[in-house]
2 protein chains.
Amino acid sequence: MKKNLKEIPVSDENCPVRKTLGLLGGKWTLLILFQINNRVIRYGDLKRAIPGISEKVLIQELNFLVKNKLVTKKSYNEIPPRVEYQLTKTGLNALPIADRLATFGLENVE
Amino acid sequence: MKKNLKEIPVSDENCPVRKTLGLLGGKWTLLILFQINNRVIRYGDLKRAIPGISEKVLIQELNFLVKNKLVTKKSYNEIPPRVEYQLTKTGLNALPIADRLATFGLENVE
DNA sequence: AATAATTCTGACCATAAGGTAAGTACTATA
DNA sequence: TATAGTACTTACCTTATGGTCAGAATTATT
């Protein structure tokens with residue numbers, strides 16, 4: 001018979017929850033991934049999709065996500081500039097987290 | 001036929017992802033909920049389950065979670081003191097988020 | 001008599017995260 | 001000719017968050 005009460009190991013530095021929080025725990029990080037979702041989206045559209053975020057922070061986060069291979073960036077040599085972002089495989093793997101945040105928010109917040 | 005590409009609404013202040021992040025977006029919050037899980041756990045055990053967290057922050061977070069009805073607290077009038085914490089229904093609803101964080105961490109981080 | 005263990009509290013400080021605002025370079029549009 | 005739109009960058013400052021450390025009250029243990 002299966003174990004009903006799973007034992008919860010001590011959450012040291014190797015704890016997967018902790019590691020994920022270290023990577024995606026920023027104020028805006030998961031929201032940005034959620035907004036990109038499975039779209040190919042331009043910087044300006046993304047910015048308008050997240051009212052309140054500053055340009056500095058949005059670009060900062062996008063660079064961070066590109067560096068950590070959650071997002072890819074494609075720049076076209078055009079004037080005016082055009083830059084498109086989309087999730088990598090790893091980035092797509094983070095979407096279920098965002099979906100749970102959404103579900104929880106709908107059912108439990110306020 | 002069903003919509004394949006779901007439209008993603010602009011994430012203003014009412015966005016459920018944002019609201020959840022506002023509530024559970026602290027550095028330790030989801031890890032604490034994950035550690036409590038479906039246990040009844042004493043403060044000291046919880047503290048030992050999360051190496052690195054300071055007592056001040058742990059208590060601060062627990063008070064916050066009690067205030068927001070994600071956690072209940074039961075104090076016994078004993079010496080030495082005994083205090084037990086456990087998740088409310090709402091707190092239990094947050095566990096799937098932590099589970100996804102764990103899954104993602106196992107499969108995608110490092 | 002000293003130490004450890006329990007669950008906190010509070011004062012103080014350091015860091016990092018995020019916000020503001022201005023600027024850049026180029027073009028199309030009015 | 002002035003304004004708006006594109007995607008940023010940079011300098012500066014504010015705030016929030018979290019960390020350190022000491023102490024408090026009580027008892028059991030050594």
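Worth a mention:
- If only the Cβ of Lys and Arg carry +1 and only the Cβ of Asp and Glu carry -1, the dipole of the range B:65-107 around its Cα centre is close to 280 debye.
- Dipole of chain A, positive end: most advanced residue of A:106, A:72, A:53 [Cβ charges, Cα centre]: A:72
- Relative contact order computed over the range B:25-108 (Cα-Cα under 8 Å; 6+ residues apart), in percent: 36
- Average partner coverage of B:32-44, which counts Cβ from other chains inside 10 Å: 2
- Looking down the axis that turns chain A into chain B, the chain A residue with its beta carbon nearest that axis, and the gap rounded to whole angstrom, comes out as A:100, 3.
- Above-threshold pairs, the threshold being 26 Å between Cα atoms, out of A:19/B:73; B:19/B:67; A:6/B:89; B:19/B:89; A:19/A:67: A:19/B:73
- A point 7 Å from Cα along Cα→Cβ stands in for residue A:55, and the other copies hold the same point at 4.9 nm, listed in rising order.
- Summarising the amide proton neighbourhood of residue A:39: residues at separation of 5 or more, or on other chains, whose placed amide H is nearer than 5 Å comprise A:87.
- Mean shadow area of the protein assembly as shown over all directions, Cα convex hull, nm²: 16.0
- Residue mean of other protein chain beta carbons inside 10 Å, B:91-101: 6
- Between residue B:92 and residue B:66, the simple label model (points 7 Å from Cα in the Cβ direction) yields a spacing of 2.1 nm.
- Against chain A, whose longest principal axis comes from its Cα atoms, helix A:55-67 is set at around 70 degrees.
- Among beta bridges that DSSP assigns inside the protein assembly as shown, antiparallel share in %, nearest 5: 100
- Pairwise inverse Cα distances across chain B, averaged and inverted, put the Kirkwood hydrodynamic radius at 15.8 Å.
- About its Cα centre, the dipole of chain A is roughly 320 debye, where the only charges are +1 on Lys and Arg Cβ and -1 on Asp and Glu Cβ.
- 3J(HN,Hα) from dihedral phi, the range B:74-88, Karplus parametrisation 6.51/-1.76/1.60, rounded to Hz, x for glycine, proline: 10, 9, 9, 7, 10, 10, x, x, 10, 9, 10, 10, 8, 6, 7
- Rounded to the nearest 500, the helix-only mean residue ellipticity at 222 nm of chain A stands at -14500 deg cm²/dmol, with each DSSP H run of n ≥ 4 adding -39,500 (n - 2.57).
- Length gained on full extension, residue A:45 to residue A:57, computed as 0.36 nm times the residue gap minus the Cα-Cα distance: 2.8 nm.
- Inter-chain shielding of A:23-31 (mean C-beta neighbours from other protein chains, 10 Å cut-off): 5
FYI, it's all coordinate maths here, none of it is from the lab. Predicted, not measured: the structure shown is a model, and the values here were computed from it. With ideal geometry, Cβ positions are generated from the backbone for all residues, glycine too; neighbour counts draw on all protein chains shown.
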